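Trainee: What follows is a structure written as structure tokens; I'll ask about it next.
The values are calculated or read from the model by the stated rules, or taken from the named source; none is laboratory data. This is a predicted model, so every value here is computed, not measured. Every residue, glycine among them, receives a Cβ derived from its backbone with ideal geometry; neighbour counts consider all protein chains shown.
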Amino acid sequence: MVRRLVGIDLGIASSHTVRVLDETGAQVCRRRCEPTMASLTRIEDAASRGAPPGTVLEVVLEPTGPAWLPVAVFFASRGHLVFRVSSAKSADLRRFLSKHAKSNGIDAETLARLPLIAPGGLLPLELADAEHAALDRRVRACDRLTRAASEHKTRIKDLVRQLLPLTPLTQDLGVGDLAVLERWADPRALLKAGPARLTSLIVKASHNHHGAERAEAWRHAAATAVELYGDHPAIAWADLAAEVVTEVRLLKAIQAELVVHAARREEAYRWADHGQLARSLPGIAEVGGPVLAAAIGRAGRFPTGAQFKSYAGLAPRASETGNTDRKGQPMSKAGSSLLRATFFRAADTARKQDPQLAKIYYTQIVECGANHVKALCVVAAHLAERAWAVMARGMPYVVCDINGEPVTAGAAKTIIAQQWTVPPLVRARRRSTKTTKAGKAPQRVRAGQVQPGYEGASDRGDLPHHRSSNTTLEQVKEPVPS
């Protein structure tokens, strides 16, 4: 069979490098191209020269920034196969081919050889339709704005902590807090405003959710800061306050844009997922549903749920040699980090709603000795396979018991509470955080003394090993008179 394998090393600020191989791996031609209709058409003609009419080109490229989309759209619209591979997949072959040299041509040839070396690991790229493309852009915009808002909130808290060492911003930033900072970020101005004006502003901004108590917390923090700092020149009151005001205004602007994109995201989601199947999954709520629908697109493009799990980066790595098969390997973390994070966050809620997922979590904690995070990763992997099944079958998710019988939400929680709840003692043993205050090493036991809590310990044979080396068991049991 005659094949034409086209490897394209994409350039951001430069032209693309192209290598065309035949079915034997021999080079047919080498070219350079630009992302224009005329230039890409010349690449198509050069690659098809000498091949039978109707030969389908196999184009392989990497997702280099936004440069891959124009090339993929051109060749896919002409009926050719397009493979978008990750850099990790071609890294090893590129390292072998470019052992003594590194060039764009070698990179392009590496991509062209991938269909010959690893044909089973390549899936044809399927471009999204209009509904899923619009949803994908809105999902990405909302995620980027959410992360930007979080960064500004962290910056505001850090700046306020410099102005007010006893900062009242110990929890989430409220609209009342932002109103106070935008108007009186300087503690001296805050004290001059008076309790009545401050309380009125907080009540109006928070819609009566906060009032005099919150205002008193702000005034106490401001008074403490003024008393502590005084007139020290190292504290730039006005400049710090101006920076806080700037951060507050930027945060408000981002939040306003986020509201607009979130509304458009909801509209696009209803067009892409008519039955809202993604939101029927446990733990996949208002935000997770559009993320899943945008990422999976047409679920049928993944042959199995295991391949979609691998696409999401939730499949564990394999480490096998001889008769050794190491278990508990970390996840591959390939693909979209947003999709992977969505499944991970949803897993913690899903295990509390679905008995089958609760059993998986329970088994990982109690029987396999996993900690909370590792157990949630296992649950997230199972949830990804179930998500593929729901989207591929076009049927909503149904919560069932261990025997596969559908149950109500209340019955599911009862089953989980009775059978698949991790005992507190086991959970405490799996925690990596310290539960007691770390202190100095215990003092040595003097001759003739027993530390509190070790009375009778000698009868059990579990005396502390830090006693003095010249202290015998008889001396501890029967003190020697002075």
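Trainee: Go over the candidates LEU258, LEU198 one by one and state the one that is in contact with a helix residue (DSSP H, G or I) (Cβ under 7 Å, 6 or more places away or on another chain), assigned by TED's automatic domain parsing to the domain that holds ARG147, closer than 23 Å to GLU151 by Cβ and assigned to a helix (DSSP H, G or I).
Mentor: LEU258
Trainee: Still on this model: If we scan the stretch 286-305, do we find a residue that is surrounded by 15 or more Cβ atoms within 10 Å (Cβ to Cβ), in a strand (DSSP E or B) and not hydroxyl-bearing (Ser, Thr, Tyr)?
Mentor: no
Trainee: Test ARG113 against the criterion of being among the basic types (Lys, Arg), part of a helix (DSSP H, G or I) and buried (at least 16 other Cβ atoms within 10 Å of the Cβ), and give yes or no.
Mentor: Yes.
Trainee: Quick one: how many residues across the stretch 364-380 are out of contact with any Phe, Trp or Tyr (no Cβ under 8 Å at 6 or more places or on another chain) and either modelled with pLDDT of 95 or more or on the phi > 0 side of the Ramachandran plot (or both)?
Mentor: Of the residues in that region, 1 qualify.
Trainee: Oh, and also: Just to verify a result, which residue in the stretch 27-50, among those that are surrounded by fewer than 16 Cβ atoms within 10 Å (Cβ to Cβ) and of a type in the set (A, V, I, L, M, F, W, C), is nearest to PHE75 (Cα to Cα)?
Mentor: Checking each candidate, the answer is MET37.
Trainee: Another question, if that's okay. Looking at the structure I just gave you, is THR24 polar (S, T, N, Q) and buried (at least 16 other Cβ atoms within 10 Å of the Cβ)?
Mentor: So THR24 does not fit the description; no.
Trainee: Given the options ARG219, ARG264, name the one that is surrounded by 14 or more Cβ atoms within 10 Å (Cβ to Cβ), charged (D, E, K, R) and more than 21 Å from LEU181 (Cβ to Cβ).
Mentor: So the residue among ARG219, ARG264 that is surrounded by 14 or more Cβ atoms within 10 Å (Cβ to Cβ), charged (D, E, K, R) and more than 21 Å from LEU181 (Cβ to Cβ) is ARG264.
Trainee: Still on this structure: Which residues, taken from the stretch 160-185, are crowded, with 19+ Cβ neighbours inside 10 Å and part of a helix (DSSP H, G or I)?
Mentor: If the condition is that a residue be crowded, with 19+ Cβ neighbours inside 10 Å and part of a helix (DSSP H, G or I), then VAL160, LEU163, GLY176, ASP177, LEU178, VAL180, LEU181, TRP184 are the ones that fit.
Trainee: OK, next. May I ask you to say which residue of VAL59, VAL71 is in a helix (DSSP H, G or I) and under 15 Å from ASP9 (Cβ atoms)?
Mentor: Criteria check complete, one pass: VAL71.
Trainee: Now, a different point. Got a sec? Which strands (runs of 3 or more DSSP E) wholly within the stretch 1-55 have at least 3 residues that are of a type in the set (Asp, Glu)?
Mentor: Filter on the stretch 1-55 gives an empty set.
Trainee: So, of the residues in the stretch 267-285 that are under 25 Å from the mean Cα position of the chain (by Cα) and outside any helix (DSSP H, G or I), which turns out to be surrounded by the most Cβ atoms within 10 Å (Cβ to Cβ)?
Mentor: ILE284
Trainee: In the list ILE254, ILE235, which residue meets the criterion of being among the β-branched types (Val, Ile, Thr) and within 33 Å of the chain's Cα centre (by Cα)?
Mentor: On inspection, the qualifying residue turns out to be ILE254.
Trainee: Additional query: Criterion first (in contact (Cβ under 8 Å) with a residue 60 or more places away in the chain, in a helix (DSSP H, G or I) and of a type in the set (D, E, K, R)) does ASP136 satisfy it?
Mentor: Yes: the conditions hold for ASP136.
Trainee: Still on this structure: Looking only at residues in the stretch 419-432 that are out of contact with any His (no Cβ under 8 Å at 6 or more places or on another chain) and farther than 15 Å from ASP354 by Cβ, which one is surrounded by the most Cβ atoms within 10 Å (Cβ to Cβ)?
Mentor: VAL422
Trainee: Under 7 Å between Cβ atoms, at least 6 apart or on separate chains: pull out the pairs that start in the stretch 41-70 with a residue that is modelled with pLDDT of 90 or more and end on any residue that is among the basic types (Lys, Arg) and assigned to a loop (DSSP other than H, G, I, E, B).
Mentor: Pairs found: GLU44/ARG78; GLU58/ARG3.
Trainee: Residues in the stretch 224-255 that are of a type in the set (Val, Ile, Thr) and not in a helix (DSSP H, G or I): how many?
Mentor: 1
Trainee: Would you please name the residue that is surrounded by the most Cβ atoms within 10 Å (Cβ to Cβ), looking only at residues in the stretch 306-331 that are modelled with pLDDT of 80 or more and assigned to a loop (DSSP other than H, G, I, E, B)?
Mentor: ALA312
Trainee: Is there a residue being part of a helix (DSSP H, G or I) and of a type outside the set (D, E, K, R) anywhere in the stretch 401-409?
Mentor: Within the stretch 401-409, one or more residues are part of a helix (DSSP H, G or I) and of a type outside the set (D, E, K, R).
Trainee: I need every pair where a residue in the stretch 326-350 that is on the phi > 0 side of the Ramachandran plot has its Cβ under 7 Å from the Cβ of a residue that is surrounded by 18 or more Cβ atoms within 10 Å (Cβ to Cβ) and part of a helix (DSSP H, G or I), sequence separation at least 6 or different chains.
Mentor: Here the result reads LYS333/ARG340; GLY335/TYR311, each pair linking the stretch 326-350 to a residue that is surrounded by 18 or more Cβ atoms within 10 Å (Cβ to Cβ) and part of a helix (DSSP H, G or I).
Trainee: Between a first residue in the stretch 420-441 that is modelled with pLDDT of 65 or more and a second residue that is among the basic types (Lys, Arg), which pairs have beta carbons less than 7 Å apart while being 6 or more apart in sequence or on different chains?
Mentor: TRP420/LYS359
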